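Q: Sharing a structure below in structure tokens format, with a few things to ask.
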Protein chains: 2
Amino acid sequence: MILQAEPLTPDAFAPFGEVLAVDPAKAVEINAGFTTRYHSLATVESDADVILSIFRGRVRPLEAAMLERHPLGSQAFMPLSARPWLAVVAGRPDAKACRAFLCRGDQGVNYRSGVWHHPLLVLDREQDFLVVDRAGPGENLEEHFFANPLIIHS
Amino acid sequence: MILQAEPLTPDAFAPFGEVLAVDPAKAVEINAGFTTRYHSLATVESDADVILSIFRGRVRPLEAAMLERHPLGSQAFMPLSARPWLAVVAGRPDAKACRAFLCRGDQGVNYRSGVWHHPLLVLDREQDFLVVDRAGPGENLEEHFFANPLIIHS
């Protein structure tokens with residue numbers, strides 16, 4: 001089955017979380033006018049610690065053979081180089097429910113707690129991301145494997 | 001008074017917070033080997049919500065005329081383009097106590113709660129940062145102004 005990627009927009013992504021990108025509607029001038037703060041693009045969800053990590057994603061086949069989700073906390077990905085990447089999400093753990101979003105290099109996403117998503121998919125070369133997620137006791141990972149992988153067209 | 005910047009290293013920055021950068025000692029292979037997670041480079045401090053924002057810093061004179069601090073939460077800055085920038089911090093609100101760190105474009109910092117620091121200083125052109133900090137009720141900003149600005153040499 002083929003999954004065609006669609007452009008990432010805040011409205012299209014709203015069922016799954018928030019888009020992390022410059023948004024003039026959220027601009028506040030601070031630091032004596034030398035900084036624009038695009039304020040509170042997303043709120044982190046966590047029942048325990050919130051930690052900052054870097055994920056280095058390597059090129060892999062553009063297929064989705066499984067989904068995962070983190071019931072106890074949100075997980076945000078912000079690209080650290082301006083190259084496009086893919087976010088694959090689903091409202092339920094079902095290949096037919098999957099949507100693929102082609103994210104610009106200046107767009108990150110915050111997956112809300114419990115949102116099914118595919119692990120990191122970069123496109124043409126290795127790419128680093130700042131990741132904001134939860135750390136603490138308890139089981140914060142569920143996985144669901146498909147009978148047949150989805151082929152993603154970006 | 002002149003403040004000469006020094007290179008940003010985890011050890012030199014330890015009194016003020018954490019460096020956000022790829023660190024082989026923190027590498028964990030995940031996602032079937034397609035992602036390296038540099039795990040838990042910093043833990044966010046907050047007594048309220050943790051939010052994600054983007055700061056767009058503009059070029060300004062490389063001077064420090066004041067410091068600020070956030071007693072109720074940490075504040076992390078991660079550059080979204082690979083250009084160097086400056087972090088100015090101090091153990092106490094005193095021009096003589098200031099240290100300037102020249103951060104590489106692949107290095108962010110997490111200022112721990114209550115650490116005196118200068119607002120965002122970019123070097124040669126406008127630069128965006130992902131910022132992870134606290135939002136909530138209460139007074140989370142203190143400022144201290146110097147009699148004479150420090151001149152920073154990068």
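Q: Can you tell me which of A:ASN110, A:ASN140, A:ASN31 moves the most in a GNM of chain A? Springs connect C-alpha atoms under 10 Å apart.
A: A:ASN31
Q: Sticking with this structure for a sec: Under a 5 Å amide H to amide H cut-off, with H placed in plane at 1.01 Å, what residues pair with B:ILE152 once short-range neighbours are removed?
A: Correct list: B:LEU3, B:GLU63, B:ALA64.
Q: Whose amide H sits under 5 Å from the amide H of B:GLY73, counting only residues 5 or more places off or on another chain, with H placed in the peptide plane?
A: The list, which skips near neighbours in sequence, is B:GLY114.
Q: May I ask for the distance between the Cα centers of region B:44-104 and region A:3-21, given as a whole number of Å?
A: Centre-to-centre (Cα) distance: 30 Å.
Q: Okay, helix-only estimate at 222 nm for chain B: each DSSP H run of n ≥ 4 adds -39500 (n - 2.57), divide by all residues, round to 500 deg cm²/dmol; what do you get?
A: -500 deg cm²/dmol
Q: Just grab the label-to-label distance for A:ALA32 and B:HIS144, each label 7 Å out from Cα along the Cβ direction, in nm (one decimal).
A: Between A:ALA32 and B:HIS144, the simple spin-label model gives 1.8 nm.
Q: Please work out the average accessible area per residue across region A:2-153, using the 1.4 Å probe convention, and give it in Å². Show your work: numbers first, answer last.
A: Numbers: 6240 Å² over 152 residues.
Value for region A:2-153: 41 Å² per residue.
Q: In sequence order, what are the phi-derived ³J(HN,Hα) couplings for region A:62-68 according to the Karplus relation 6.51 cos²θ - 1.76 cosθ + 1.60 with θ = phi - 60°, rounded to whole Hz, with x for glycine and proline?
A: Along region A:62-68, the couplings run 7, 9, 10, 9, 7, 10, 9 Hz.
Q: For the interface of B with A, what's the total buried accessible surface in square angstrom, probe 1.4 angstrom, rounded to the nearest hundred?
A: 3600
Q: Now for a different question. Just the accessible area for B:PHE146, please: 1.4 Å probe, Å², rounded to the nearest 10?
A: About 30 Å², rounded to the nearest 10.
Q: Using protein chains only and a probe of 1.4 angstrom, how many square angstrom of A:TRP116 are accessible, to the nearest 10?
A: Counting only protein heavy atoms, A:TRP116 exposes about 20 Å² to solvent.
Q: Which of the trypsin sites (Lys or Arg not before Pro) found in region B:19-69 are in a DSSP loop and have at most 15 neighbouring Cβ atoms, other than their own, within 10 Å? Walk me through the numbers before you get to the answer.
A: On the way: sites: B:LYS26, B:ARG37, B:ARG56, B:ARG58, B:ARG69; in loops: B:ARG58.
Within region B:19-69, the qualifying trypsin sites (Lys or Arg not before Pro) (loop, at most 15 other Cβ atoms within 10 Å) are B:ARG58.
Q: Report which residues of region B:27-42 become buried by 40 Å² or more of accessible surface when going from the isolated chain to the complete set of protein chains (1.4 Å probe; DNA, RNA and ligands ignored).
A: Correct list: B:ASN31, B:PHE34, B:THR35, B:THR36, B:ARG37, B:TYR38.
Q: Ignoring ligands, DNA and RNA, please state the percent of accessible area on region B:7-130 from carbon and sulfur, probe 1.4 Å.
A: Solvent-exposed carbon and sulfur of region B:7-130 make up 53 percent of the total.
Q: I would also like to ask the following. Can you give the average number of partner chain beta-carbon atoms within 10 Å of each beta-carbon in peptide B:72-80, as a whole number? Write out the running numbers ahead of the final one.
A: Values: counts 0, 0, 2, 0, 3, 0, 7, 2, 11.
Per residue, the average neighbour count from other chains is 3.
The values are calculated or read from the model by the stated rules, or taken from the named source; none is laboratory data. Being a predicted model, the structure only gives us computed values, none of them experimental. When we count neighbours, we look across all protein chains shown, and the Cβ atoms used for this are built from the backbone with ideal geometry, even at glycine. Accessible surface areas use protein heavy atoms only, side chains included; no ligands, DNA or RNA. Shrake-Rupley method; radii C 1.70, N 1.55, O 1.52, S 1.80 Å.
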